[in-house]
Every structure is written in C-alpha cells, then in structure tokens.
Amino acid sequence: QFETEKMTDTDFPKDFLFGAASASYQIEGAWNKDGKGENIWDHYTHQNPNLIRDHSNGDIACDSYHKYKEDVQLLKTVGFNAYRFSISWSRILPKGDDSLVNEKGIKYYSDLIDELLANGIQPMVTMYHWDLPEPLDKIGGWTNPVLADYFEAYARILFIKLGNRVKLWITLNEPMEVVHGYGSVDYPPFLNYNGVGEYLAAHTLIRAHAKVYHLYNNEFRTEQKGLIGITLNSDFSFPKTTSKDDIEAAQTAMQFFLGWFAHPIHSKEGDYPSVMRQRIDENSKKEGRFKSRLPRFTQEEIESIRGSSDFFGLNHYTSRYASKGQSGKVPSVEYDSGVMKTIDPSWPGSASEWLKVVPSGFRHLLKWIKKEYGDKPIIVTENGFSDKGELNDDDRIRYYSSYLQELSKAIKDDKCNVIGYTAWSIMDNFEWCKGYTERFGIYQVDFTSPDRTRKPKKSVKFFQKLIETRIVPEEINAV
Ligand code: PNW
C-alpha cells in the first residue's frame, strides 16, 4: 500500500496514523451525570471497593467528561493525527436496551468528535471497552446470546448519530479480556465459571461483532464510507526450548489466545481453530459431559463471521515462553490449552506484574499474523508501558523506542501491512482492578487535585520527535 521509495529514509511513511488511546470508564468520570446509566464497573466498584487494589473507582477518574477540550489539545501538542477513544454504552442507552436514548450522552461524543476534527485529529472509535450496562449484566451479560441483538441496536444508534463523521470504527476491545470476567475473578462480573463462562461469552461476543459489521455494510457503508473492525489482544508465545513438543505448544498457545477470536473472523476457513475444537471436545467428554464446553457456530454463522473486519486491530504489550504441560483448574481455558507459560527472568519488568519488556516478540507476532491471516491492513490500537507515574519516564521511552523499532522492521523488512499505531495511553488513568497504582500515560494526571491537572512526561517529547521526523529516536537523551 505504501510506496517503498518513501520508506527508505524514514522508519514510518508520511501518511501513517500515529495516535494515542483511552477508554471511557478509565478516563471520563461523571459516572452518573447527564442521564448516564450504571455499568458493571460502577456497580462492582461501588458494591465492593476491596475488588480494586487501592479501593478506588472511575467515578471521577481523569474527569475527561468535562476536560475533553483540554485533552484534544494534549493530543495536538504531541502532533498525533488520530485519537482512539471508546463510547460508554450506558451514556447512550442508560438501560442497556434502546427503550431510552440519552441525547446528552450522544452530545458529549458528538462534541468530542467535532473538536478532534477541528484540530485535524481523526477519531478512531471503540464501541465497547468493557463497560457493560448493568441491566444487561443482570440477564447474564455476554453469556446470554441475546446480547448480540442488544449490541446491534446500540451500534445502530452510533452509526445514525455519529457515523457521518467517524471513519474508523472498532466494535469490541479485547474480547479475550472481556471473557475473563466470566471465567475468573480478574474483571467484573467476577462470575468465576472457569472453562465454561469464557467460551459462552466469547461465542456471543464474536456473533455480536459480526452482526454489527453486517449492519454497517448493509445500511451505512455506502453513505458513510468508513472502515469497521475489531481489536484483539495478543502476547507472542516463544517455544521455551527447541523440542518438538514446545514448538507445538507455542503454536497451540497462539491459537488459544489470538486464534480463538482471530480464526473465526480473519482466517480463510473461519470457525474456531481446530486445536481448540479438538482439545476442548476431548476434555469435555472426559469430564462426562454430553456436549462440548466450546459452543458451535452454525454453517451460516461461520460464513457471516468469516471476513467480518476491514482491518486487524491489534493490542500488544508483552511475550511469554510456552512449553507442553498441564496447569490450571479442571475445567479451565488454561487446562484445555495444555500449555504452560513462563517468563524469562532477564526480561525487564514494569509496574504491572504481567508486563515484561520483550520488543522482539512484537515483530514475531506481526509476522505470525501475516502468515496466518494474510495481508489485511493492521492497526496497532494499543501498546505501552506502566510505571508509578513519574515525569522522567525513561523506562517508558526505552520501551517505546525498542518496540517501535521492531514495528518499523516488520513494516519495511517483513512487509507487514501496518497502517497505524495508537499508544496506550494519552494520560494516566484508572487501570481497572489495579486502580491508580499502575500508570500508562504519556501525560501525568494528578488524581489528588480537584482539577486533575495534566503534565507532559518526557515521553511526550519522544513522540513529538518521532512524529516530526518519522524516525524512532533511539537515545533517551536525544529527546
Ligand atoms: C489493555 N494482559 O488490557 C486494555 O485494553 C486497557 O484498557 C488497559 O488499560 C491496558 O491494556 C493496560 O493494562 C490488557 O494480561 C489487559 O496481557 C491485560 C493484558 C493485556 C492487555
């Protein structure tokens, strides 16, 4: 898609989308203002503050609901040409269903979009970044197949009200993490239905995504002329040793993580990866069940899901080693995979236990996606590093510099069709169950000041230089 000539003297082409990302519950606050309904994060953080490491919540967060104009200026100062944000379903439909449409909620996003466009920044809009309306949780959340219809009704309103100005839509953010809420105690609704809840929720999420893709195709695309896709997250799995077993385990790990969602949507054949079908069917039988814990798509569903994304949205942070072996409860996704995951003690860490710095995994992952799913455009919709929030964030700069160099190699040397990148995150925010104890922002937010004062960290300079030169600054002192 890009001319190779343009590419030789810079790391990224001129028209590359460079932006930053955020999510409604993590930044907006104003949890009950202007007619917004309650979502699962409001509900569970209020019901039991102990679920959050610092007993905090997103009631105020960065107060971006009131400070969005200032936030657009933060983006502009860096030089970003794109902003990925998400819409709070409960702000638009306070009851979750379309019996009540909240015009004030629509106005907030409409104003934000206008402000971005007036400043030359392209909105990249996620419809669902984990904040499910609480009334829909009461009927089983994503384990209930009717959620696909509710999601379609919500999406229709977004297309009608905002679709004339939004050219990049993302249906779901990281369904892989959403389903953890049904199979573990990592996220609301903390269902803890291991090895069953995840597969049920995933099944609905995939169907919901495809419905919205076809809704856009059939009723809005001709007029609105945008792109619509889904964002999946994935680590890269390296084989722990060169043994045949570990090489196979690494592939299985990739299929159970990324393939679970990517295979039905992005592969030529469609449907779940065969290794998942085989292993979960077999384990289910051993457990004495008459039916597999992994639901089945109808042939019609397989076909409508296959190809239902205009681009490959990818969130990537870290990597793991995979080896053959059984771990996890019976039943669980971990047990089903038959893979054990470990880290290399030499990998530098971050403020988040799970996030180790492994830049080479990024390039391997992009090549893996190209090999498995072909050359559909990829947008890296998240990538980033956590610390404690200091202004002198050299470790964050080191992370971005090394990961972006790998990204550039994937584009230039491996011919991976990556067209954009949005850093996580524009500013420090509510890091889910870790509260405000882990910070991913390139702007610092003072959560003790009523004003939620924002200050640029050193990494803002890094991105300014990157965007100006299209070359990844290597030296921290160069910024
Ligand atoms: C993403 N993992 O989630 C989310 O989309 C963001 O909302 C979040 O703030 C950000 O990453 C940082 O955590 C992830 O365990 C959660 O590999 C967990 C993982 C990866 C991404």
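The values are calculated or read from the model by the stated rules, or taken from the named source; none is laboratory data. In this text the structure is predicted, and so the values were computed from the model without any measurement. With ideal geometry, Cβ positions are generated from the backbone for all residues, glycine too; neighbour counts draw on all protein chains shown.
In region 352-396, how many are part of a helix (DSSP H, G or I), crowded, with 24+ Cβ neighbours inside 10 Å and either over 19 Å from the mean Cα position of the chain (by Cα) or charged (D, E, K, R) (or both)?
Residues flagged as part of a helix (DSSP H, G or I), crowded, with 24+ Cβ neighbours inside 10 Å and either over 19 Å from the mean Cα position of the chain (by Cα) or charged (D, E, K, R) (or both) within region 352-396 amount to 1.
Sort through LEU162, LEU205, LEU172 and tell me the only one that's more than 14 Å from the ligand (Cβ to nearest atom) and crowded, with 22+ Cβ neighbours inside 10 Å. Spell out how you get there, then give the answer.
Numbers: LEU162 fails: crowded, with 22+ Cβ neighbours inside 10 Å; LEU172 fails: more than 14 Å from the ligand (Cβ to nearest atom).
Result of the check over LEU162, LEU205, LEU172: LEU205.
From the list ASP34, ASP71, exactly one residue is away from the ligand (no atom under 16 Å from the Cβ) and either closer than 25 Å to TYR443 by Cα or within 20 Å of the chain's Cα centre (by Cα) (or both). Which is it?
On the way: ASP34 fails: either closer than 25 Å to TYR443 by Cα or within 20 Å of the chain's Cα centre (by Cα) (or both).
Just one listed residue meets the conditions, ASP71.
Can you tell me which residue is farthest from the ligand (Cβ to nearest atom) among those in region 424-453 that are basic (Lys, Arg) and crowded, with 21+ Cβ neighbours inside 10 Å?
At the first step, the residues of region 424-453 found to be basic (Lys, Arg) are 434, 439, 452.
Filter once more, keeping what is crowded, with 21+ Cβ neighbours inside 10 Å: 439, 452.
Values: ARG439: 10, ARG452: 17 Å.
Taking the candidates together, the pick is ARG452.
Here is a list: TYR154, TYR128, TYR150. Which entry is in contact with a helix residue (DSSP H, G or I) (Cβ under 9 Å, 6 or more places away or on another chain), within 16 Å of the ligand (Cβ to nearest atom) and at pLDDT 95 or above? Write out each step before concluding.
On the way: TYR154 fails: within 16 Å of the ligand (Cβ to nearest atom); TYR150 fails: within 16 Å of the ligand (Cβ to nearest atom).
The match here is TYR128.
Limited to region 363-390, what total is found for residues that are in contact with a strand residue (DSSP E or B) (Cβ under 6 Å, 6 or more places away or on another chain) and either away from the ligand (no atom under 16 Å from the Cβ) or farther than 19 Å from GLY349 by Cα (or both)?
Of the residues in that region, 8 qualify.
Please work out which residue is surrounded by the fewest Cβ atoms within 10 Å (Cβ to Cβ), limiting yourself to region 93-117 and to residues that are of a type outside the set (A, V, I, L, M, F, W, C) and part of a loop (DSSP other than H, G, I, E, B). Steps first, answer last, please.
Narrowing region 93-117 to residues of a type outside the set (A, V, I, L, M, F, W, C): 94-99, 102-105, 107-111, 114-115.
With the extra rule that they be part of a loop (DSSP other than H, G, I, E, B), the set shrinks to 94-99, 102.
On the way: PRO94: 22, LYS95: 16, GLY96: 26, ASP97: 15, ASP98: 14, SER99: 9, ASN102: 19.
Residue satisfying both the conditions and the ranking: SER99.
For region 443-458, does any single residue satisfy the condition of being closer than 14 Å to PHE18 by Cβ and modelled with pLDDT of 95 or more?
Within region 443-458 (the criterion being closer than 14 Å to PHE18 by Cβ and modelled with pLDDT of 95 or more), the answer is no, since none of the residues qualifies.
So which residues in region 196-242 are in contact (Cβ under 8 Å) with a residue 24 or more places away in the chain and of a type in the set (Val, Ile, Thr), if there are any at all?
VAL196, THR204, ILE206, VAL212, ILE228, ILE230, THR231, THR241
Quickly run through region 228-245 and pick out the residues that are closer than 20 Å to ALA423 by Cα and either surrounded by fewer than 19 Cβ atoms within 10 Å (Cβ to Cβ) or within 16 Å of the ligand (Cβ to nearest atom) (or both). Full working, then the answer.
Here is the first cut: in region 228-245, the residues closer than 20 Å to ALA423 by Cα are 228-236.
Passing the criteria: GLY229, ILE230, THR231, LEU232, ASN233, SER234, ASP235, PHE236.
So which of TYR44, TYR25 is surrounded by fewer than 22 Cβ atoms within 10 Å (Cβ to Cβ), of a type in the set (Ser, Thr, Tyr) and in contact (Cβ under 8 Å) with a residue 40 or more places away in the chain?
Values: TYR25 fails: surrounded by fewer than 22 Cβ atoms within 10 Å (Cβ to Cβ).
Testing whether each residue is surrounded by fewer than 22 Cβ atoms within 10 Å (Cβ to Cβ), of a type in the set (Ser, Thr, Tyr) and in contact (Cβ under 8 Å) with a residue 40 or more places away in the chain leaves just TYR44.
Which condition number does GLU115 fail, the rest of (1) more than 24 Å from PRO295 (Cα to Cα); (2) under 22 Å from the mean Cα position of the chain (by Cα) being met?
For GLU115, the exception is condition (2).
What single numbered condition from (1) assigned to a helix (DSSP H, G or I); (2) more than 22 Å from TYR213 (Cα to Cα) fails to hold for GLY120?
(1)
Within region 337-349, is there a residue that is surrounded by 15 or more Cβ atoms within 10 Å (Cβ to Cβ), on the phi > 0 side of the Ramachandran plot and more than 13 Å from the ligand (Cβ to nearest atom)?
Yes: region 337-349 contains one or more residues that are surrounded by 15 or more Cβ atoms within 10 Å (Cβ to Cβ), on the phi > 0 side of the Ramachandran plot and more than 13 Å from the ligand (Cβ to nearest atom).
Give me the residue from region 267-316 that is assigned to a helix (DSSP H, G or I) and hydrophobic (A, V, I, L, M, F, W, C) and, out of that set, nearest to LYS167 (Cα to Cα). Spell out how you get there, then give the answer.
Step one: filter region 267-316 for residues assigned to a helix (DSSP H, G or I), giving 274-286, 299-305.
Imposing the further condition that a residue be hydrophobic (A, V, I, L, M, F, W, C) reduces the set to 275-276, 280, 302, 305.
Values: VAL275: 36, MET276: 35, ILE280: 39, ILE302: 27, ILE305: 21 Å.
Among them, the one singled out is ILE305.
Need the failing condition index for TYR193 against (1) without any contact (Cβ under 8 Å) to a residue 60 or more places away in the chain; (2) assigned to a helix (DSSP H, G or I), just the number.
Result: TYR193 passes all but (2).
If you go through region 127-167, how many residues are free of Cβ contacts under 8 Å to residues at least 60 places away in the same chain and under 15 Å from GLY313 (Cβ atoms)?
1
Mind counting the residues in region 235-266 that are under 20 Å from VAL358 (Cβ atoms), aromatic (Phe, Trp, Tyr) and assigned to a helix (DSSP H, G or I)?
2
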